[in-house]
1. Cut-off is 10 Å between beta-carbons; in what order do B:187, A:149, C:29, A:307 appear when sorted fewest neighbours first?
2. Only bridges whose two residues both fall in segment B:105-225 count here: according to DSSP, what percent of them are antiparallel, nearest 5?
3. Distance between the C-alpha centers of segment C:3-70 and segment B:124-144? Whole Å please.
4. Counting alpha carbon pairs within less than 8 Å and at least 6 residues apart, what relative contact order, in whole percent, applies to segment A:727-857?
5. Using the Cα gyration tensor of chain A, with a ≥ b ≥ c the square roots of its eigenvalues, what is the shape: rounded (a/c below 1.5), prolate (a/b larger than b/c) or oblate (neither)?
6. Which percent, to the nearest 5, of DSSP beta bridges fully inside chain B are antiparallel?
7. So for A:644, A:311, fewest C-beta neighbours within 10 Å to most, what's the order?
8. For the pair residue A:630 and residue A:727, what calculated FRET efficiency results from E = 1/(1 + (r/R0)^6), where r is the Cβ-Cβ distance and R0 = 30 Å, to the nearest 0.05?
Ligand code: HEM
Ligand SMILES: [Cu+2]
Ligand SMILES: [Cu+2]
């Protein structure tokens, strides 16, 4: 069933041959229609318009993500056309510079944050449960929350564009240009707050993609045998967990600098603009691999089926993903080759940037080898795949050129780079996504494509694209910098730019045709028979269009090796695991991380408007920040806290459930009986992201202390009188961790741990109080110097974590009181434990750092 | 190779009249880098062609192939030597154009939104010119690049790579011009609404005439001030 | 779980070594290590960088040697941890090559 088994064996040892395969007996077949009806009732969205508000289903939300991303792509495309129209002549009379700057900034920001990332999230959310043989993503409400955050953040940015106050400092927002002095007004704040808002959605998606892949694969689908797309998405989501926090930190710091004048990037007070660049590109480079990996996953899925063979080099591809995930975090300085870093440091990053090409080359040859091994069919998705090869190979080659330091010194920040990045992004992401669209549209709409139009769109796009961007390499080498709106003194660039502009419009027509093609298919296509591509993967083992519950029963190990068309009926008749919805609630199967042995049955929440409420509260906070009404932001924050509490209450499950027989002779407990629930795994993911944020902060402190010119700063006023308070703030979270352990011990014995949990509330609260004392009475004015601003940030970080720790302790206390925590049901305790331990460790580190930054005797 | 030809053609069309072109170098650093570019372009054309040919050959009946040949021999075996060579070439050129502490002439470059100030030492004290850089031909010059507002980037494409002007730090860039003549420079890092017009001219004079040219420029400057 | 962690050790060694050497390089340049002698012609900066590189290479090699003895988790193949170790070693060797080749500060 996976497209992986046979090729995987070439590197596998005999030890992992299939002799230890799980044996799970099939359930007796039932009437498919009956199962379908009941399942549909349980899993469907609410009826009417209210149903749109409360939907949490992955199919609905995945499509919604992709649809919204498509709209943003069109907006970004219109902006691109404005840029191209302006550049068509040398004095580009029609936009003034201020507006032009907003337009290219918004084009870049929209394409990266509001199109590419949400598009791949949407694809993963839509596809993964179907591909892995489960019924939904691990945290459906989080999916919805992510969507609303994305939508609201995007709308804030679009609104700003309509009112002419959009960001205008380029999509990487370099300080000091984006600082308060040189960018007064709210333009830059729109970017910082809007993008951060959207990033919440990226983190939500990353957490649940990781958990879904690790814990919800169909029984027997080992990690090393799962479809390659899942490997790619696993790599992507881990990169998102680690890649986004540096940017979130940078955005928060810059927003604090702009709003409250705490210096982090301002040179005169101990900041350094290069800190921004490091943090931004620490995110920014992995970002392009985050965009590329899912597209490569699509290619690895489509190519073997289109060639009627199996993927070549499954193991080599998995290894490539592993290498890319790591290596792409070691390249960020190649965006900073001209900032005046010593040659040896540049050389490290040059070498790493060259090396990262290796796993990509391995994949490209694995794909071509697959095509040799099979019989490629020249159908529309294959056109787009060929478009990918042509375009992406050239983009990759200019990429390795740019990794060569001296060449980069010339080409950096010119049209050459603009050409390169579009070759990589359009070649490496847009073409594969178009292939994916053609591939999965039958499943989404249940209809066939209208012949001819798609092919025409492909050719027009391909010709338009290369006509636009190929000569742009030359434009750049002839000296044209990026981000300029006029070039009155350079007639030699005119014909190049004019050509690019004309073909740019050709490409736009092509994209128009593409969208038209999809619309025609959706509304006028013939009804599609099942499994149109004769695919081996589970995503086609269901009726078309995909039902909300995906599988009437979860595939068993013996189903994984059969082609999709044969599995459809088996699963629809309930012969797999956990058939139907006999208990009228949303249930799915969780499995073990490596070998996918059945572990427990998880209950998923149903439709709810809570995600919309929470996103709106966060949106309120963002808007008040934008309006400069900082005092009022407390209101939405309190609302956020209250809604999160309700969210948690919504996760509480009945305690008296008996084990469920998911297959003859196989009974599994409900999630409440396990300490390692999906929520627990999700919390680990969240802490990984949080830890990266903290590590970035530590990096920032070290960087400024070492490199910034105005260090050490003015004499610190803070004295050793502060030390006792620092000690309290650092040790109270540790006490909280001890209180947690006490409640754990009591829970295991079936005792009442509410007093111990109460101690946790008190300990965390005392930590917050101690920090308040420090802030009000002992610390230096944070606007004075970066050192003091950083101390302020550390204090805030510890306080926030203690506050959340107190909230969790309180929640657990409440659960003890309600008897929701019993000897068998740990309730929130395991998650609180993770959090409290993390809070304790970071509090200690933060205290050491704060003291280490220096004080007077 | 075909790609190289396609690229050369417009170059010929554009003529030599491209004062900001990296492809018509007027100094050793730019020449080294342009050489690097032409070699890399040739290599890239060959590799693109290779991939396209392999792709075209894929269309046909299934073939017996060995995965190892593709993933290991082509994937690793082809890429490592190419990339290793590129690293070595890049390092070699990079080391050649690096500034050394050999007492070369130093000119201060200060970037301001949106103009350039060049300060050169002369027997009569430092001479500052605005948007006009005067260089002696045939001699290495170290430019000490600073900024006090936002980040800019100093770039004379015909002489060599760019170097950012960043508040709070002093960056050093070594350039050398072959022969007397007029060249052009510009800001290469986006720096606000004046970015596109933040240009300067570069006047290369015989090394012997350099101090005099500077004196003339200083007098010009006085005249402007009056 | 252990298996997955084991697969990450190799690239992890590269990441740690890369960060270590990059940090040593930065600190050394900021603190003037190249001017401080260590032994003979070797200055403190070069010494620290070489040491960092060699330690990372040694750790990578050690991992490769010890890996066959680490018992694989039931049902999961050993090739991924092994490939991971190779990735880490190759990346350490290639990306830190400039320690031997480039001007330091
Ligand atoms: C629809 C066809 C597209 C066209 C015609 C186009 C054209 C352009 C142009 C002319 C620029 C400005 C270069 C300059 O500043 O001088 C630009 C910048 C950029 N484009 Fe596109 N683009 C297209 C699609 C995309 C896509 C699909 C992506 C990403 C997925 C993308 C990402 C970017 C980025 C990141 C920038 C840099 C913005 C900045 O400098 O701040 N573009 N594009
Ligand atoms: Cu990059
Ligand atoms: Cu500029």
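Here, each number is a calculation from the coordinates, and none is a lab measurement. Since we're looking at a predicted model, the values are computed, not measured. Positions of Cβ are backbone-derived with ideal geometry, glycine not excepted, and every protein chain shown enters the neighbour counts.
1. C:29, A:307, A:149, B:187
2. 65
3. 43
4. 38
5. Verdict is oblate for chain A.
6. Counting DSSP beta bridges with both partners in chain B, the antiparallel share is about 65 percent.
7. A:644, A:311
8. After rounding to 0.05, the efficiency reads 0.45.
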